[in-house]
1. Given segment 135-210, what strands (runs of 3 or more DSSP E) lie entirely inside it while holding 1 or more residues that are touching a residue at least 40 places away in the same chain (Cβ under 8 Å) and within 17 Å of the chain's Cα centre (by Cα)?
2. Among 146, 180, which is within 13 Å of the ligand (Cβ to nearest atom) and either more than 23 Å from residue 227 (Cβ to Cβ) or out of contact with any strand residue (DSSP E or B) (no Cβ under 9 Å at 6 or more places or on another chain) (or both)?
3. Test of understanding: among 86, 65, 74, 82, which residue is crowded, with 22+ Cβ neighbours inside 10 Å and of a type in the set (A, V, I, L, M)?
4. How many residues does segment 216-246 hold that are part of a loop (DSSP other than H, G, I, E, B) and under 25 Å from residue 79 (Cβ atoms)?
5. Report, ordered by the first and then the second residue, all pairs with beta carbons closer than 9 Å, sequence separation of six or more or different chains, a first member in segment 60-80 that is of a type in the set (Phe, Trp, Tyr), and a second member that is more than 8 Å from the ligand (Cβ to nearest atom).
6. For residues in segment 71-90 being within 6 Å of the ligand (Cβ to nearest atom) and not polar (S, T, N, Q), which is nearest to residue 55 (Cα to Cα)?
7. Could you tell me which of the residues 51, 43, 55, 23 is surrounded by 15 or more Cβ atoms within 10 Å (Cβ to Cβ) and more than 14 Å from the ligand (Cβ to nearest atom)?
8. Taking residue 3 as the residue in question, decide whether it is closer than 20 Å to residue 240 by Cα, more than 24 Å from the chain's Cα centre (by Cα) and either in the same structural domain as residue 163 (by TED's automatic domain parsing) or more than 13 Å from the ligand (Cβ to nearest atom) (or both).
Amino acid sequence: MHVLILGGTTEARALATALHPRVRVTSSLAGRVAEPRLPAGEVRVGGFGGVDGLVAWVREHHVDAVIDATHPFAENISFNAARAAATAHVPLLALRRPGWVRVDGDDWHEVASLEEAAGVVGDFGWGHLPGRSPRGRVFLTTGRMGLAAFAECPQWFLVRSVDAPQPPMPARTEVLLDRGPFTLEGESELLSRYGIDVLVTKDSGGAATAPKLRAAREAGVPVVIVRRPAVPEGVAVAGTVGEAVEWVGVVGVVGGF
Ligand code: NAP
């Protein structure tokens, strides 16, 4: 049995480790990160060339099942996976870690997109008060690919990303190159050292980057949180690596592997 994992996440790597070498596993990475953490089993890197390219790859490599374990905000590849799996007649599962849950004391402001987030960051700190400079201090943790949405913002930005971001980006930006997991202590220190007025994050879920939310709660820092896009219609969803492993077992039995 050959399982194709569309990866680029902690869960995708854990799934590859759980399946390999019992079943043949190929993990696919987009190639965005210069030095990615490599999963167990076979690895391929780079786009497939849209839905048709993915269908061709699945057929050529005799893939029996596809697991879309990409980041909850990687919308295009998830959409392509749904179309390609239907065309190639292979079962597809989406592995999606649960989103974060608001708790008492959180000051969360949900938005639907990065563009909407860019429109509200000026409402926090002192900037929105009459007579004050509209220049709050924003901690942006939405990844380097979406920076263009904030390019026209007058605020000061602390941008944290794995690799260095490219313009367009806000004129007043300081970049912090780092990769999770992060600690509560580290995140609290960072909020205070940079005098952060507002944190902007996607609802990525997961433990590795969750400490920033608790740090913000404890420091009374508001959080602008971008809601997740929906999983493509009709695609089965697993919330944990264990559920995905079970699904592979069922597909294997049904498929006679
Ligand atoms: P995206 O917008 O959904 O995908 C854009 C294109 O990149 C896809 O059409 C596909 O190209 C290629 N691609 C994406 N993921 C791929 C994969 N795993 N294997 C092969 N090709 C892939 O994706 P994105 O938001 O740029 O994310 C890219 C990767 O980074 C994903 O693998 C995701 O898991 C990871 N990641 C994303 C985020 C985020 O916030 N979006 C955060 C952390 C990690 P073709 O059409 O040519 O096949």
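1. On the way: elements: 137-140, 156-161, 173-177, 198-202.
Those strands (runs of 3 or more DSSP E) span 137-140, 198-202.
2. 180
3. Working: 86 fails: crowded, with 22+ Cβ neighbours inside 10 Å; 74 fails: crowded, with 22+ Cβ neighbours inside 10 Å; 82 fails: crowded, with 22+ Cβ neighbours inside 10 Å.
When all the criteria are applied, what remains is 65.
4. First pass over segment 216-246, keeping only residues part of a loop (DSSP other than H, G, I, E, B): 220-222, 227-235, 239-240.
If we keep only those that are under 25 Å from residue 79 (Cβ atoms) as well, we get 227-235, 239-240.
Selection size over segment 216-246: 11.
5. What qualifies is 73/203; 73/226; 73/228; 73/229; 79/232.
6. We begin by selecting, within segment 71-90, every residue within 6 Å of the ligand (Cβ to nearest atom); these are 71, 73-77, 80.
From what is left, the residues that are not polar (S, T, N, Q) are 71, 73-75, 77.
Numbers: 71: 21, 73: 22, 74: 19, 75: 18, 77: 12 Å.
Per the stated criteria, the residue is 77.
7. Numbers: 51 fails: more than 14 Å from the ligand (Cβ to nearest atom); 43 fails: more than 14 Å from the ligand (Cβ to nearest atom); 55 fails: more than 14 Å from the ligand (Cβ to nearest atom).
Sole residue among the options that is surrounded by 15 or more Cβ atoms within 10 Å (Cβ to Cβ) and more than 14 Å from the ligand (Cβ to nearest atom): 23.
8. Values: closer than 20 Å to residue 240 by Cα: yes; more than 24 Å from the chain's Cα centre (by Cα): no; either in the same structural domain as residue 163 (by TED's automatic domain parsing) or more than 13 Å from the ligand (Cβ to nearest atom) (or both): yes.
It is false that residue 3 is closer than 20 Å to residue 240 by Cα, more than 24 Å from the chain's Cα centre (by Cα) and either in the same structural domain as residue 163 (by TED's automatic domain parsing) or more than 13 Å from the ligand (Cβ to nearest atom) (or both).
The values are calculated or read from the model by the stated rules, or taken from the named source; none is laboratory data. It should be emphasised that the depicted structure is a prediction, and the values quoted were computed from it without experimental measurement. Note that each Cβ is placed from the backbone with ideal geometry, even for glycine, and that neighbours are counted across all protein chains shown.
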